[in-house]
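Q: Can you keep this structure in mind? I'll have questions shortly.
The values are calculated or read from the model by the stated rules, or taken from the named source; none is laboratory data. On a predicted model such as this, the values are computed, not experimentally measured, just so you know. Note: ideal-geometry Cβ built from the backbone for every residue, glycine included; neighbour counts use all protein chains shown.
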Protein chains: 6
Amino acid sequence: MRGLLVGRFQPFHLGHLAIVREVRAARPDDELILGVGSAQASYTWKNPFTSGERLEMIHRALGGARVERVLALPIPDIDRHALWVRYVESLLPRFERIYTNNPLTRRLFEDAGYAVESPKLVERAKFEGEVVRARLASGAGWEPLVPEPVAAYLRELGAPARLGILRDRSPTAEPGA
Amino acid sequence: MRGLLVGRFQPFHLGHLAIVREVRAARPDDELILGVGSAQASYTWKNPFTSGERLEMIHRALGGARVERVLALPIPDIDRHALWVRYVESLLPRFERIYTNNPLTRRLFEDAGYAVESPKLVERAKFEGEVVRARLASGAGWEPLVPEPVAAYLRELGAPARLGILRDRSPTAEPGA
Amino acid sequence: MRGLLVGRFQPFHLGHLAIVREVRAARPDDELILGVGSAQASYTWKNPFTSGERLEMIHRALGGARVERVLALPIPDIDRHALWVRYVESLLPRFERIYTNNPLTRRLFEDAGYAVESPKLVERAKFEGEVVRARLASGAGWEPLVPEPVAAYLRELGAPARLGILRDRSPTAEPGA
Amino acid sequence: MRGLLVGRFQPFHLGHLAIVREVRAARPDDELILGVGSAQASYTWKNPFTSGERLEMIHRALGGARVERVLALPIPDIDRHALWVRYVESLLPRFERIYTNNPLTRRLFEDAGYAVESPKLVERAKFEGEVVRARLASGAGWEPLVPEPVAAYLRELGAPARLGILRDRSPTAEPGA
Amino acid sequence: MRGLLVGRFQPFHLGHLAIVREVRAARPDDELILGVGSAQASYTWKNPFTSGERLEMIHRALGGARVERVLALPIPDIDRHALWVRYVESLLPRFERIYTNNPLTRRLFEDAGYAVESPKLVERAKFEGEVVRARLASGAGWEPLVPEPVAAYLRELGAPARLGILRDRSPTAEPGA
Amino acid sequence: MRGLLVGRFQPFHLGHLAIVREVRAARPDDELILGVGSAQASYTWKNPFTSGERLEMIHRALGGARVERVLALPIPDIDRHALWVRYVESLLPRFERIYTNNPLTRRLFEDAGYAVESPKLVERAKFEGEVVRARLASGAGWEPLVPEPVAAYLRELGAPARLGILRDRSPTAEPGA
């Protein structure tokens, strides 16, 4: 069987890695799809990294942690929530189980007949995308929050400078605007 | 002749019904189109119900109230306001009169040469979509604000639980995000 | 209960009217939705008339024929067939039965669990949109193919001249191209 | 006053230049807008050159021919013909006169109340985009069909090789498909 | 050579004119492109004027100020920042230099290998689009902030009334909503 | 290093498998990305299978053939060829080499500075998507053209019946049209 865990992974941090380990350990014979949401977005405060950069982070983090049987796949937004479950089904290979702590995601998948489970969150206040991005923007204290190969990759990308620029912008502004 | 009244009807409440009655009574020989705006949206705080659910509410409410000669038709957003009047003209059957209390809608239709009238609003503070949604989310006090057949339908849909989930989300977040 | 019949109605002709009568007569207590497909399209050879013009034709034809309990509603294309049934469900009020002679429409709705019926077609070769449009473009012989109120409306729109222009254009060309 | 002439200019050839000269000579005090249609398209057989490349061609050709008071402006497709005139009005600075030999463009602008004129075409069979593209693809005989500065620019772009590749592809295929 | 300066020009004010003069004076042999960003937007608080209205303002302002060798060209949003530079390159004629004070625009163009310069801003607090729009909405004190031909054009458009309507609306609301 | 091979894989057949084996054998230390093009499309003659179904085929085929270090990732169309390479870069994790026999894909990636190689095609006339789809539609002779696990999966999907329906439809028709 396959499970599906959807997130934006902006960036992929230790909280994500803990959940992936937990889910993989609970069902070692299952495969796990990591659906990379809002895949079309990048260079905004909420979504600073491209789909490709996020897939790269996940590959490096899981390779470093020797986690196997995980498929990371991009999910661009469709902007019509009533169609979202059917859209995800059409985009991804078959999955049977959903892992989420998001109430709307739970509701939509349950309404479509899926079994939904809630992975245990570790230190949610600390391991949250918004927190990691704020520390990246300030340039300090972010490295302990992400897997080491992700930290190296974020330095390579110049992520602190990028986040510093994005923090001060309106979330929907185009470049040049 | 036909008139046009555009709203989002999230949900269709007694304020809407009062306006429809008033407009129908003032010109009993006219037909009235209810244009269901933002028809593509659903499962967000501003637009919790699908186009289809909103059309269903309107049919039940008007059937229950024995209001006739009303056509409810969906209008998906086009996101280019300068084209909006022309877009509505191309989407809907012919109409000659506009009923609206929205100053931008009034301005755009007047610039295109239409006669625009303002229906009298009854107890605006009470009969407003935002208020009805907030009460639905809290689970109490919403039923007196909507026509009885709409209340029954909202219960059938599990609307209070849906609104409770949507209240706590960022307005533009995708599921899973 | 409600049934759904999807078509493009370019234009609404006597073959459509015969099907509507047949479906209404078979189940007089049901309502029937006419879903006006490709509602966003107009001024092309395949889709010469706007959604609004097609709704107007249907209202006049059904009014003239005293057919009741029919709702005509626009369905803009979504261009993702795997999501189409879910999309139509979200756009329209509840329906339980599908009437179609289109094998893909049948297949998609059956896969989603709907009962699908095939209305009997009368003189298909004659009563077909393409044939009616070709006669409109040639300016002769089209009037016996459409209900009288539709013929009057098509004359009012200058439909023969419009079709004459559109016949000679590439189906996807923009104006000016 | 300003006039508007819409085309795709794939590429800008001597037939286009002759029309621009004629229109400018007939009304030397008017400005003329060249609306570059299907501006979003490129690297297809019908639209091999980007909007930017086409604007560059026009600037070089008009500079070389010392034609003044001409503004070349991109018009991306909107894919809803009923809105097209209103869309062009919202995109471009004010214009009062239309120059076109395209019957649909004429019809849409006339319906919106514009005066439309037909420029005289010189040797239409020869000076047509499709012909120029076919010769470019074959690598021979295209240079006499375009203004000299455009020929130089097309050589700089490697246009014959690009057209050779595009000729053999389905018009809607994505790269990689 | 050509330079590119991107802005939304909502509206085109004296701060913009000062920058254009400065850039033109520093390199009198260069052409300058003014890229009109968010060109698809209009009738919102952030983007009250259509692309066409903004191009008209720029033409009148530069004509009045006798500034030459400037091309104003619309840039509709593409909503994918990672593609933005490539998109602008495909839309506009060739440019080699970028003028911007926007850090994200600078970053994206520098990452693509462009030379980027920062024009000196005069009295930024005063000459800013938001400030000019707020004064327009209040109906007073806006005229000294824009070039005289722009002031005349804004009066012609009824800009103060338009801005008064738009100030009170949610930034993403459709008309009728 | 990573290589990229883009195709639509409608369906994934033995010709595709041969190329994947060849590329993997030539550079056993590289990873290979299979980019699944036109990922948004399905239920058309050219694109009968959803992105998810195609990913499922690839996983089963490569699992059955014990091919490792291959990532299959969806690439929805962007419909702007000039942006396509940049778009693919933003969507996928880093890649350095391109494998393609498509001249436009080659040209676009070479213009962007990539090394491009042409894999050897085996029996191209036989192992081509169009041929496999035609045999599927006729119901006979298709099984020897696909890997055995793909054949089993196609039977499970009812692929011959689906292809039979799609063969007779216009390529761009919506369901119901």
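Q: More than 19 Å from F:R27 (Cβ to Cβ) and either assigned to a helix (DSSP H, G or I) or of a type in the set (A, V, I, L, M) (or both), is that true of F:I78?
A: yes
Q: Those residues that are over 18 Å from C:V20 (Cα atoms), in a loop (DSSP other than H, G, I, E, B) and of a type outside the set (G, A, S), I need them from segment C:93-127; list them, please.
A: If the condition is that a residue be over 18 Å from C:V20 (Cα atoms), in a loop (DSSP other than H, G, I, E, B) and of a type outside the set (G, A, S), then C:P93, C:R94, C:Y114 are the ones that fit.
Q: If F:L55 satisfies every condition in (1) away from chain D (no Cβ under 14 Å); (2) over 19 Å from F:G158 (Cβ atoms) but one, which is the exception?
A: (2)
Q: Looking at this structure, is B:L73 assigned to a helix (DSSP H, G or I), of a type outside the set (F, W, Y) and crowded, with 21+ Cβ neighbours inside 10 Å?
A: No, not satisfied.
Q: Here's something else I'd like to know. Could you list, in sequence order, the residues of segment D:91-111 that are facing another protein chain (nearest Cβ under 7 Å) and hydrophobic (A, V, I, L, M, F, W, C)?
A: D:L91, D:L92, D:L104, D:L108
Q: On to the next question. Give the residues of segment F:117-137 that are of a type in the set (G, A, S) and surrounded by 16 or more Cβ atoms within 10 Å (Cβ to Cβ), sorted by residue number.
A: Hits for segment F:117-137 are F:G129, F:A137.
Q: Shifting gears a bit: Would you be able to tell me the number of residues in segment F:70-90 that are within 12 Å of chain D (Cβ to nearest Cβ) and among the aliphatic types (A, V, I, L, M)?
A: The number of residues fulfilling the criteria is 6.
Q: Which numbered condition trips up D:A25, out of (1) more than 14 Å from chain C (Cβ to nearest Cβ); (2) among the aliphatic types (A, V, I, L, M); (3) within 21 Å of D:L145 (Cα to Cα)?
A: For D:A25, the failing item is (3).
Q: Tally time: how many residues in segment D:28-47 are facing another protein chain (nearest Cβ under 10 Å) and in a loop (DSSP other than H, G, I, E, B)?
A: 9
Q: A follow-up question, please. Name the one entry in B:L55, B:L5, B:L73, B:L34 that is closer than 30 Å to A:D111 by Cα and in contact (Cβ under 8 Å) with a residue 40 or more places away in the chain.
A: Only one candidate passes the filter, namely B:L73.
Q: Can I ask one more? Scan segment E:1-17 for residues that are more than 14 Å from chain A (Cβ to nearest Cβ) and either surrounded by fewer than 21 Cβ atoms within 10 Å (Cβ to Cβ) or under 17 Å from E:V70 (Cα atoms) (or both) and jot them down.
A: E:M1, E:R2, E:F12, E:H13, E:L14, E:G15, E:L17
Q: Return only the number of the condition from (1) within 14 Å of chain C (Cβ to nearest Cβ); (2) within 20 Å of D:P144 (Cα to Cα) that D:V20 does not satisfy.
A: Only one criterion in (1) within 14 Å of chain C (Cβ to nearest Cβ); (2) within 20 Å of D:P144 (Cα to Cα) is unmet by D:V20, namely (1).
Q: Separate question: Which residues, counting only those in segment A:141-160, are within 11 Å of another protein chain (Cβ to nearest Cβ) and not in a helix (DSSP H, G or I)?
A: Correct list: A:G158 only.
Q: For segment D:161-174, state whether one or more residues are under 19 Å from D:V36 (Cα atoms) and either among the hydrophobic types (A, V, I, L, M, F, W, C) or not in a helix (DSSP H, G or I) (or both).
A: There is no residue in segment D:161-174 that is under 19 Å from D:V36 (Cα atoms) and either among the hydrophobic types (A, V, I, L, M, F, W, C) or not in a helix (DSSP H, G or I) (or both).
Each row is one residue, and each column tells you yes or no for (1) of a type outside the set (K, R); (2) at pLDDT 95 or above; (3) farther than 18 Å from D:T50 by Cβ.
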site	(1), (2), (3)
D:R133	no, yes, no
D:L136	yes, yes, no
D:L163	yes, yes, no
D:E174	yes, no, no
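Q: Considering only segment E:95-116, state which residues are buried (at least 21 other Cβ atoms within 10 Å of the Cβ), in contact with a Leu (Cβ under 8 Å, 6 or more places away or on another chain) and without any contact (Cβ under 8 Å) to a residue 60 or more places away in the chain.
A: Within segment E:95-116, E:L104 is the sole residue that qualifies.
Q: If you don't mind, another one. Check off (1) in contact with a helix residue (DSSP H, G or I) (Cβ under 8 Å, 6 or more places away or on another chain); (2) more than 30 Å from A:D111 (Cα to Cα) for C:V85 and give me the number that stays unchecked.
A: With respect to (1) in contact with a helix residue (DSSP H, G or I) (Cβ under 8 Å, 6 or more places away or on another chain); (2) more than 30 Å from A:D111 (Cα to Cα), C:V85 is out only on (2).
Q: Take segment E:48-67 and flag every residue that is part of a helix (DSSP H, G or I) and within 13 Å of E:V20 (Cβ to Cβ).
A: Matches in segment E:48-67: E:M57, E:I58, E:H59, E:A61, E:L62, E:G63, E:G64, E:A65.
Q: What number of residues within segment B:121-144 satisfy the criterion of being closer than 17 Å to B:G7 by Cα and among the hydrophobic types (A, V, I, L, M, F, W, C)?
A: Number of matching residues: 6.
Q: Here is a further query. Which of the following residues is farther than 28 Å from F:S42 by Cα and hydroxyl-bearing (S, T, Y): A:S42, A:S118, A:S51, A:S90?
A: Only one candidate qualifies: A:S118.
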